[in-house]
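Heads up: the structure comes next, in structure tokens.
The values are calculated or read from the model by the stated rules, or taken from the named source; none is laboratory data. Given the structure is predicted, the values throughout are model-derived calculations rather than measurements. Here the Cβ is made from the backbone with ideal geometry for all residues, glycine too, and neighbour counts use every protein chain on show. Keep in mind that these areas ignore ligands, DNA and RNA; they rest on the heavy atoms of the full protein, side chains included. Shrake-Rupley method; radii C 1.70, N 1.55, O 1.52, S 1.80 Å.
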Amino acid sequence: MSDQTKIDALRHAPLSPRGLLIDGQTGPAESGKTDTVISPIDGSILTTTAAGTAGDTERAIASARRAFEDKRWRGMPPAARKKIMLRWADLMEAEMLALAVMGVRNNGTEIGMALKAEPGSAIATIRYYAEAIDKVYGEIAPTSDDVLGLIHREAIGVVAAIIPWNFPLMIGAWKLGPALAMGNSVVLKPSETAALSLIRMAELALEAGIPPGVLNVVTGAGKIVGEALSTSMDVDVIAFTGSGATGRRLLQASAASNMKRCYLELGGKSANVVFADAKNLAEAAAVSAAGIFRNSGQVCVAGSRLLVEHSIHDEFVAELSKAAAAIKVGDPLDLTTQAGAINNQTQLDQNLAYVETAQAEGGTVAQGGKRILQETGGYYMEPTIITGATPEHTIIQKEVFGPVLAVSSFADEADAITQANATDYGLAGGVWTADLSRAHRMVRELRTGVVHVNTYGGPDVTVPMGGVKQSGNGHDKSLHAFEKYVDLKTAWIKL
Ligand code: ADP
């Protein structure tokens, strides 16, 4: 059977109503209320999820706390925890296609990308952290002979992982992998519009042997469940990916409650800088187009600002427009689709409003700009290129989180650096040049967490991911992610 046939067999599979997962038990919200889950593919109703309340959230936090205190997980030998987490990854792999299709029906990402970025990268991430469990050592400090300074790494306690809708499994794994590997308990809060595959991933964790209470899932509104997590006196760490506005709320809630640590991965307005000396402009255009338009721009590191050297501006925009026009937008469950659906109606409306504002402020729509495929009942938008935007324009300053690219031009390297850094954000960036020295200079000068050179996108779990400035703090991925989920304890021993 071809992959497409297998996908088609799953595309209408019934999805049962999903409850909360607390203390190893699946059950309804205490209010009995549910939220309707709508598919962005065609606007159809997929199923319901439990509408968790503040009380449900408190139950989940209490369960996580009990599991932490009685050491049912962190007290297990590291090799045993490793084995369980590896089994979890195996269980996910065994139903990889079903997980991917369930996720796509829920959030609209094109299946080709979802297979790699969703279960694919989530499985790799869980394995990576599982393997590290019995390989991360404490430290002995370089003291004088009469003392021994030991540095222990200890699990912190209860972690609240608050996840967005664009890559629920991948981003979920970025938090769950290191938090659980280090022995913490977790309350997981999926997005309202992409919970289904993440709930399944959590069920598989318990099936693999992660003890009840160590991983709990509370679905529901950010303003209710997320708020209850952030204001709790018994949550030790918030691990969040989402909007800047919510990030700000989390910091306020932390300050007003128990000063819990807040690790925030927020938005970006990442500049992708193309110099005239780039080796292959056609390739740069094609990869840059993918760097903004894959997953319809619903990628936090998307290269949403393109800075092109004056001398090649027109030629490059022509190449880029060609690449954008050739992108196949449509049914996310078709393996040949290159950009799927916009996750929800509100997001689509916002994207279109940004295009209108860009035009009103003096920008030109060089490509796309419109909603398409309305007859499907789903939410689709053309890959859109805005030219002529200047630094003060909204489209240069604000994150759209949709398939909208703003193009500006620059005079020289210094001008490129100034323009690239003239934003409140600092998540990612890109540089295209054949000049090795210039590439390294640009990597140093761009104030972002990641800089791609002669490519855009693709860093795997081995490297850290996080922002500077208002793109957040702390890092997902790599062994550095452990730093968010452990406390260092010093033992100072007189010999
Ligand atoms: P996005 O625009 O990507 O949906 P949000 O920041 O609104 O970004 O959502 C990301 C996650 O944060 C979701 O799981 C959402 O439910 C949650 N969330 C939204 N509002 C709050 C809040 N006030 N407190 C905590 N979590 C929230």
With DSSP loop assignment and no more than 15 other C-beta atoms within 10 Å, the trypsin sites (Lys or Arg not before Pro) in region 38-146 are LYS71, LYS135
Provide Rg and Dmax in Å for region 174-261, with only Cα atoms included in the calculation. 13.1, 38
With no solvent and one equal point scatterer per Cα, compute the Debye intensity ratio I(q)/I(0) for the chain at 0.09 Å⁻¹ and report its log10, rounded to two decimals. -0.62
Restricting the count to DSSP beta bridges whose residues both fall in region 79-217, what percent are antiparallel, rounded to a multiple of 5? 20
More than 23 angstrom separation, counting every C-alpha pair in region 271-460; what % is that? 37
Can you give me the angle between helix 54-69 and the longest principal axis of the chain, using Cα atoms only, in degrees from 0 to 90, rounded to the nearest 10? 60
Counting DSSP beta bridges with both ends in the chain, the antiparallel % (nearest 5): 40
Solvent-accessible area per residue, Å², over region 348-495 with all protein chains present [probe radius 1.4 Å]: 46
Taking every DSSP beta bridge that has both residues in region 271-460, what percent is antiparallel when rounded to the nearest 5? 20
Specify which residue in the list GLY120, ALA79, LEU204 is farthest towards the positive end of the charge dipole of the chain, using unit charges on the beta carbon of Lys, Arg (+1) and Asp, Glu (-1), about the Cα centre. ALA79
Between ILE493 and ASP415, what is the spin-label point distance in nm, taking each point 7 Å from the Cα along the Cα→C-beta axis? 6.4
If each DSSP helix of 4+ residues adds -39,500 (n - 2.57) and the sum is divided by the residues in the chain, what number results at 222 nm, nearest 500 deg cm²/dmol? -11000 deg cm²/dmol
Around LEU320, with a cut-off of 15 angstrom between Cβ atoms, what is the net charge of the other residues, counting Lys and Arg +1 and Asp and Glu -1? -3
Lys/Arg Cβ at +1, Asp/Glu Cβ at -1, dipole of the chain taken about the Cα centre: which of GLY268, THR336, ILE224 is farthest positive-ward? ILE224
Once Lys and Arg are counted +1 and Asp and Glu -1 for all other residues with Cβ under 15 Å from that of LYS469, the total becomes +1
